[in-house]
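Take a look at the structure below.
Please treat every number below as a calculation from the coordinates, not as lab data. Here the structure is a predicted model, which is why all the values come from computation and not from measurement. All Cβ positions, even for glycine, are placed from backbone atoms using ideal geometry, and neighbour counts span all protein chains on display.
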There are 2 protein chains.
Amino acid sequence: MNEPTRDNIRARMARAGRKLNPSLERHALVLDGAAVLPNSAGLAPGELIERDGKAVFLLPGPPREFLAILDEHVVPWLSRHVDADRPAVQLFEVCGMGESDIVTLLEPVGFPPAVDVAYCARPGLVEIRLSSATAPLGSVAQMIRAKLGAHIYAEERIGIEVAVGRLLAGRKATLATAESCTGGLIGHRLTNVSGSSAYFLGGIVAYANESKVRDLGVRPEDLAEHGAVSEAVARQMAEGVRRQFESDFGLGITGIAGPTGGTADKPVGLTFIAVADAKGCVVRNRQFIGNRDVVKESSSELALDLLRRRILGLA
Amino acid sequence: MNEPTRDNIRARMARAGRKLNPSLERHALVLDGAAVLPNSAGLAPGELIERDGKAVFLLPGPPREFLAILDEHVVPWLSRHVDADRPAVQLFEVCGMGESDIVTLLEPVGFPPAVDVAYCARPGLVEIRLSSATAPLGSVAQMIRAKLGAHIYAEERIGIEVAVGRLLAGRKATLATAESCTGGLIGHRLTNVSGSSAYFLGGIVAYANESKVRDLGVRPEDLAEHGAVSEAVARQMAEGVRRQFESDFGLGITGIAGPTGGTADKPVGLTFIAVADAKGCVVRNRQFIGNRDVVKESSSELALDLLRRRILGLA
């Protein structure tokens, strides 16, 4: 039984008003001679054993805890211990273009044989990863920047909510959201970023049409004439939430997440996104392909990207 | 090139107002003699090749697409083709107790040697999985039901948002949410369920204190006296959103997601959760342990569980 670890677990449980039961005490067991790696996502610590020039890491099984210790302790340890000849890596996080569109644009230019190019597509965004053990990446990176321009929202692995948050914080600008089809996902993503209270004021989840009218000032006659999933309603949602929260930017989103609710005119996946600011309001629509999960995730991505472009003066 | 698959991809892209570029055409390539498994989460289909009494499944790499085809086609195929002697399985989804509390409660009773018991903990909930190739599970399952009672929210693998949705739909009751620390996560989870518009009206993401006062009617003097993370504010958020949305149930949540913002009195992870209905309002608080991600996830879980217990008359 590792005493500092047990004391640490006991102290955390005491702060939480919970007792240390025998099953939890087991979390404090670590091997003799192991270094303890603190677990920011749970109780059981990780362990590092070094012997005969080799290192063994023991990590807890729950994926969040595993990843927390991996990020906070294992990767930094590896960065310190692997030799300096590791390959150069350059990342591009791209929003607003599909993987196939990117490939179609970049492949005719081509890449030097010594440079590995990998694409990883997630709903609404694509990561491009260049790596090479021998060649410098500068000229390839410049070619990609020239071809993709403002579609690149970051050159490090951050979510678009982090990129948008930095832009808002840098301008001391505030944001409020009016969400229908995403149901709160955009607010959730924005508030995953520590410090987001500096720029995110909150929002309205206007899932029922009554809320769109009452809480956002959407005109009932526009709902009747154009339907809830329409340019007019997205625009009034963005303008309404900006007015209500007195924020610099208002973001509105309305769509058909599916699998039911689609029509011939307005199929599942159709989404209208609006960003309002002091200069006016821009509205975009997109037809997403995928199940409910994918439509929500992709449309939240595109909404944050439209906001990013508006802040940068590109939309 | 598989013609029906290509036509299908072309039709979906056309509906989305997008062209079929050469890179996308590759998604339509399937092996000769393969059965095509449609992909509800993306474009590239899965494939099934059966030969010499063996089956090979080819699935796309993006995890959501892989899982969609796995759930919709591969698992049903396996269920039809594996023999009837597979082990009996019984699941319990448990909320409101930690894994160690459950283990401490169940292990003194013990399990028959022929029954395998596995625990899987995620933020805010634990899954117990019983399985046995030889023994019936009925009496062990009864013991677990007797010991854990209403902490079990389902005996199948569904999220608590699905269980709560069924309870609300069955009572034709409506819900509105007032979220601070979770930032929209609870609304997002509720609206991940198709058909949730029958009972979820929407809500207020009251991230800034001004929104708590203006949009929910929280008393400024209570904010000043007790702070935003307090029983009084959680209660007024739940009551306020219920009043504003004219819903049967109002759910309020306020807490300190961290990593900053904690004090000695109110450490990171402290969360107040309130459920208001026609009979009154119940408030609970909990001190969660973990990083921002874990605190948000666990507190959304407990909030939905408090609502579940209130609907069932247990809270």
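Considering the options B:LEU251, B:PHE57, B:ASN21, tell which one lies farthest towards the positive end of the dipole of the protein assembly as shown, charges being +1 on Lys and Arg and -1 on Asp and Glu at the Cβ, about the Cα centre. Among B:LEU251, B:PHE57, B:ASN21, the one farthest towards the positive end of the dipole of the protein assembly as shown is B:LEU251. Segment B:116-144 and segment A:42-75 have Cα centres separated by 28 Å. Residue and distance for the chain A Cβ closest to the axis that moves A onto B, in whole Å, come to A:GLY184, 1. A Gaussian network model of chain B, with springs between Cα atoms under 10 Å, assigns the largest mean-square fluctuation among B:PRO60, B:PRO112, B:PRO220 to B:PRO60. Between beta-carbons, use under 13 Å as the cut-off and find the net charge around A:SER40, counting Lys and Arg +1, Asp and Glu -1. With Lys, Arg at +1 and Asp, Glu at -1, the neighbours total -1. Normalising the average separation of contacting C-alpha pairs (under 8 angstrom, six or more residues apart) by the number of residues puts the relative contact order of chain A at 12 percent. Ranking B:GLY138, B:ILE186, B:ALA173 by how far each Cα lies toward the positive end of the dipole of segment B:115-237 (charges on Cβ) leaves B:GLY138 at the top. When both bridge partners sit in the protein assembly as shown, DSSP labels roughly 80% of those beta bridges antiparallel. The residues neighbouring B:VAL140, those whose beta-carbon lies less than 14 Å from its own, together hold a net charge of 0 under the Lys/Arg +1, Asp/Glu -1 convention. Estimated purely from DSSP H runs of n ≥ 4, each contributing -39500 (n - 2.57), the mean residue ellipticity at 222 nm for chain A is -11000 deg cm²/dmol once divided by its residues. Structure remark: mean-square fluctuation, Gaussian network model of chain A, C-alpha springs under 10 Å; the largest value among A:GLU231, A:GLU210, A:GLU239 belongs to A:GLU210. The P(r) of segment B:124-172 has a tail past 14 Å containing 61 percent of all C-alpha pairs. Quick check: the angle from helix A:292-311's long axis to the longest principal axis of chain A, C-alpha only, nearest 10 degrees? Roughly 80 degrees, rounded to the nearest 10.
Contact order, relative form, for segment A:156-315: 23 percent (alpha carbon pairs under 8 Å, 6 or more residues apart, mean separation divided by residue count). Summary of the geometry: segment A:162-206 and segment A:241-264, compared by the centres of their Cα atoms, lie 14 Å apart. The charge dipole of segment B:94-187, taken about the Cα centre with unit charges on the Cβ atoms of Lys, Arg (+1) and Asp, Glu (-1), comes to about 360 debye, rounded to the nearest 20. Normalising the average separation of contacting C-alpha pairs (under 8 angstrom, six or more residues apart) by the number of residues puts the relative contact order of segment B:146-222 at 28 percent.
Helix A:231-245 against the longest principal axis of chain A: what's the angle in degrees, Cα atoms only, rounded to the nearest 10? Around 60 degrees separate the two axes.
For A:PHE249, the residues whose modelled amide H falls within less than 5 Å of its own, excluding neighbours fewer than 5 places apart on the same chain, are A:THR174, A:LEU175, A:ALA176.
Charge dipole of the protein assembly as shown (Cα centre as origin; +1 on each Lys and Arg Cβ, -1 on each Asp and Glu Cβ, all else neutral): 1120 debye, rounded to the nearest 20. Computed over neighbours whose Cβ is under 13 Å from that of B:LYS212, the net charge equals -3, Lys and Arg +1, Asp and Glu -1.
Helix A:160-171 and the long axis of chain A differ in direction by around 80°, with both axes built from C-alpha atoms.
Phi-derived couplings, Karplus 6.51 cos²θ - 1.76 cosθ + 1.60 at θ = phi - 60°, listed residue by residue for segment B:267-274: x, 3, x, 5, 9, 10, 10, 10 Hz, with x used for Gly and Pro.
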